[in-house]
Amino acid sequence: MSTVQDRLNELAGELLSVLDDDIRHIKQTLERLDALRAAVIKRDEDRLKALLDEVANKQAEYELIEQSRAAIRKQMADVIGCGVGEMNLSKLCGCLRGERRDMVAQAQQELQQVCKKLRKEHRATTILLKECSRLNNVLLRGMLGNGKETVTYNSRGDASWDLKKQMVSIRL
């Protein structure tokens, strides 16, 4: 039994390192969302492009973190004797003892807090971008529509509009 507990403690230590990386990544994402909203409000195209490049560069780095977490999760599931889909931090806390258990529980709590904040900030950013899109649409209709636009529907049933005389071609 002690070898199983020792192996779980070892894997939990590796997992804590990966979870720290996850927490750091989520906090960086929160900062990027703030910067994105600020750049949209200020209409700072250079900053928007820089943010897009930054996200693209960090994506490969984060994929390595995800792969590490998945590998550790699989190893833990094998040690405990459960399926990978059943392996989570709560189950791990139930199998650990002492200080290591407390450290995993603390990481779990911190992840829950930053994820809750991320959902809130993501929702705020989504609302801002949708409102910007709506206002742009209203402005375009006001400047170019003159009430002579044609409403068409795509294969999903979404309405779109085209001017009879297309003066502007916009690609999304």
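At-a-glance table
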quantity	calculated
In the range 1-18, the residues that are in contact (Cβ under 8 Å) with a residue 24 or more places away in the chain and either farther than 16 Å from Cys95 by Cβ or touching a Pro at 6+ places or on another chain (Cβ under 8 Å) (or both)	Val18
Among (1) surrounded by 13 or more Cβ atoms within 10 Å (Cβ to Cβ); (2) under 16 Å from Val18 (Cβ atoms); (3) without any contact (Cβ under 8 Å) to a residue 40 or more places away in the chain - the single one Leu92 does not satisfy	(3)
Conditions (1) free of Cβ contacts under 8 Å to residues at least 40 places away in the same chain; (2) in contact with a His (Cβ under 7 Å, 6 or more places away or on another chain); (3) closer than 18 Å to Leu128 by Cα; number of the one not met by Tyr62	(3)
Residue satisfying all of: in the range 95-148; within 16 Å of the chain's Cα centre (by Cα), in contact (Cβ under 8 Å) with a residue 12 or more places away in the chain and open to solvent by 100 Å² or more (accessible area, probe 1.4 Å); nearest to Ser2 (Cα to Cα) among these	Lys117
Residues located in the range 37-51, provided they are open to solvent by 50 Å² or more (accessible area, probe 1.4 Å) and either in contact with a Leu (Cβ under 9 Å, 6 or more places away or on another chain) or outside any helix (DSSP H, G or I) (or both)	Ile41, Arg43, Asp44, Arg47, Leu48
Number of the condition not met by Leu19 [criteria: (1) of a type outside the set (Asp, Glu); (2) at pLDDT 90 or above; (3) loosely packed, with under 14 Cβ neighbours inside 10 Å; (4) more than 22 Å from Arg123 (Cα to Cα)]	(3)
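Yes/no matrix, rows are residues, columns are (1) open to solvent by less than 80 Å² (accessible area, probe 1.4 Å); (2) under 25 Å from Glu14 (Cα atoms); (3) modelled with pLDDT of 90 or more:
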| residue | (1), (2), (3) |
| --- | --- |
| Glu61 | no, yes, no |
| Arg69 | yes, yes, yes |
| Lys74 | no, yes, yes |
| Glu86 | no, yes, yes |
| Ala159 | yes, no, no |
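The values are calculated or read from the model by the stated rules, or taken from the named source; none is laboratory data. Keep in mind the model is a prediction, meaning the values are calculated, not measured. Please note: Cβ atoms are built from the backbone with ideal geometry, for glycine as well, and neighbour counts cover all protein chains shown. Quick note on the areas: whole protein, heavy atoms, side chains included, nothing else; ligands and nucleic acids left out. Shrake-Rupley method; radii C 1.70, N 1.55, O 1.52, S 1.80 Å.
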